[in-house]
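Engineer: Got a structure for you, written out below as structure tokens; questions coming shortly.
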Amino acid sequence: MNPYLAVAVLVCTVGLLFMLPLLPALVELRRKSDALPLSVVQQNAGEIRHFANSFRDYIKGLEPIMQSCVAAGTSATGTLLDGEEYVVLGRLDEPLVRALAQRDATHPVVIAAGADLIAPPHATFSRDIYAGAKFQGGEKNNYRAILGEKDVHLGASSRVMRWVHAVGEFTADLGCSLFGRISSDSLIRLHANCSFLRLNAPRIEVGHVVNRETGLPDSSPSNAAVLRRFLHDGDFEVHAGQIISSNIVIRGRLLLRSGARICGSVKSLDDMVLEDGVSVEGSLIGARKLSIGPHCAIHGPVVAERELAIATGTRCGTWEHPTTVSAPSIEVEEGVLVFGTLWARERGQVVASP
């Protein structure tokens, strides 16, 4: 064979092998078939009740069985379409629930109760639970997920791994760990030493809320004309009892003394401290650590980029105007009231009030 031809064949072969990995990119460069944005399914879209709604649809086929069991006061077993086993309870049956909890480690089942459901203490439920009536959990229990059509009450030192939704009230006793989404159509109540991530309800009570909303400064929006903006470079202090009718942006540390009232929104690029009885009609945004003192009233969203501490007696939002309180790390004292969403993106903790 001609040596020049052999060299040419070798160079072409090596060049072809080199170009093969680049071929898809070259085709895409010409056709641009992947230039459109990805089609993202928005079914979840951050909706805190998404999993509860999906689970309700999942067990919809059990409704006739639950109705029959409730009418007869009996229980039933079977298999769902995806192969998961279930137990339907038509009456309050504590021994059966205790037996299901004891065998959960080797043979977990989905529990669907049409009547009140009482879970024994020191139990683990690694499948989702549906409670068509009231749910009462014992102490030191572990749950995967609970959907309650009425009230849901967790005993002390219990843990939730994924989510809970209560159509009625949700209550977590001392020391509960709520790792997933907790929502209620009525009320969420947490006691001391509870940890949480994401809570949503028309009303969230942390500990015992004294006198409900009475005694708090009025934080209703003034509905005035568009407020001007006050911008300050460096640290800034609002004096005690001072009223400011503007939005505030501080490029430093901000201190709001006792009884100050801001008729707009507040933003600080450094730490922010609110002393007792401060009222803010707009949003409260802190680029670092945000500390809210006792008996404050914040009408708009509360966002801290690093840490957020809220002292006892403070109210965020109102029943008519729910809001969002969010930060990576949140510490909330007993006696705090939030209307809407309380979201600790990394860690949330209820601490005892002094």
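Bear in mind these aren't lab numbers, they're just calculated from the coordinates by the rules spelled out. This one's a predicted model, so the numbers in the text were calculated from it and none came from an experiment. With ideal geometry, Cβ positions are generated from the backbone for all residues, glycine too; neighbour counts draw on all protein chains shown.
Engineer: So between Asn53 and Val7, what do we pick up on full extension, going 0.36 nm a residue minus the alpha carbon distance?
Structural biologist: Numbers: separation 46, 0.36 × 46 = 16.56 nm, distance 6.80 nm.
Extra length available between Asn53 and Val7 comes to 9.8 nm.
Engineer: Expressed as a whole number of Å, what is the distance separating the alpha-carbon centroids of segment 225-241 and segment 149-196?
Structural biologist: Centre-to-centre distance over Cα atoms comes out at 39 Å.
Engineer: Can I ask one more? Taking amide H atoms as placed 1.01 Å from N in the peptide plane, list the residues 5 or more away in sequence, or in a different chain, whose amide H sits under 5 Å from that of Ala297.
Structural biologist: It is Val278, Ser279, Val280, Arg315, by chain and number.
Engineer: Next question. At 222 nm, what value in deg cm²/dmol follows for the chain if DSSP H runs of at least 4 each add -39500 (n - 2.57) and the sum is divided by all its residues, to the nearest 500? Provide the component values of the computation, followed by the final result.
Structural biologist: Values: 5 runs with 54 residues, N = 354.
Helices in the chain give a 222 nm mean residue ellipticity of -4500 deg cm²/dmol.
Engineer: Taking a temperature of 20 °C and a viscosity of 1.002 mPa s, what whole-number D in µm²/s does Stokes-Einstein yield for segment 229-351 with Rh from Kirkwood over alpha carbon pairs?
Structural biologist: D, rounded to a whole number, is 155 µm²/s.
Engineer: Let me ask something else about it. What's the percent breakdown of Cα-Cα distances in segment 51-185 across 5 Å bins, shortest bin first?
Structural biologist: Whole-percent P(r) values from 0 Å outward: 2, 11, 22, 27, 22, 12, 3, 0.
Engineer: Then there is this: Using modelled backbone amide H atoms (1.01 Å from N, in-plane), which distant-in-sequence or interchain residues come within less than 5 Å of Asn141's amide H?
Structural biologist: For Asn141, whose amide H was placed from the backbone, the distant partners under 5 Å are His122, Ala123, Ser158, Arg159.
Engineer: Can you give the net charge of the other residues whose Cβ lies under 14 Å from the Cβ of Ala76, counting K and R as +1 and D and E as -1? Walk me through the intermediate numbers first.
Structural biologist: Details: positive: Arg91; negative: Glu63, Glu85, Asp93.
So the environment of Ala76 carries a net charge of -2.
Engineer: Starting from the Cα-Cα distance between Leu16 and Asp270, subtract it from 0.36 nm times their residue separation and give me the gain in nm to one decimal.
Structural biologist: Numbers: separation 254, 0.36 × 254 = 91.44 nm, distance 5.80 nm.
Here the answer is 85.6 nm.
Engineer: Right, next: Count the DSSP beta bridges whose two residues both fall in the chain, then state the antiparallel fraction as a percent rounded to the nearest 5. Provide the component values of the computation, followed by the final result.
Structural biologist: Values: 14 of 110 bridges.
Percentage antiparallel, nearest 5: 15.
Engineer: Give me Lys140, Lys267 sorted ascending by neighbouring Cβ count inside 10 Å, so fewest comes first. Could you put the intermediate results ahead of the total?
Structural biologist: Working: Lys140 16, Lys267 20.
Going from least to most buried by this count: Lys140, Lys267.
Engineer: Let me ask something else. Can you give the local net charge around Arg127? Use residues other than it whose beta-carbon is closer than 13 angstrom to its beta-carbon, Lys and Arg +1, Asp and Glu -1. Show your work: numbers first, answer last.
Structural biologist: Working: positive: Arg103, Arg144, Arg162; negative: Asp82, Glu84, Glu85, Asp104, Asp128.
Summing Lys and Arg as +1 and Asp and Glu as -1 gives -2.
Engineer: Ok, one more. For the chain, just the Cα set please: Rg and Dmax, both in angstrom.
Structural biologist: In Å, with Rg to one decimal and Dmax whole: 28.0, 101.
Engineer: Using the per-residue mean of other Cβ atoms lying within 10 Å as a proxy for protection, in what order, highest first, do the peptides 287-299, 97-109 fall? Walk me through the numbers before you get to the answer.
Structural biologist: Details: 287-299: 22.0, 97-109: 14.8.
The packing order, highest mean first, is 287-299, 97-109.
Engineer: Which of Leu190, Ser283, Phe135 sits farthest toward the positive end of the charge dipole of the chain, with +1 on the Cβ of Lys and Arg and -1 on the Cβ of Asp and Glu?
Structural biologist: The listed residue farthest towards the positive side: Ser283.
Engineer: Around Leu174, what is the net charge, scoring Lys/Arg as +1 and Asp/Glu as -1 over all other residues with Cβ under 14 Å from its Cβ?
Structural biologist: Working: positive: Lys140, Arg159, Arg189; negative: Glu139, Asp173, Glu334.
My count for the surroundings of Leu174 gives 0.
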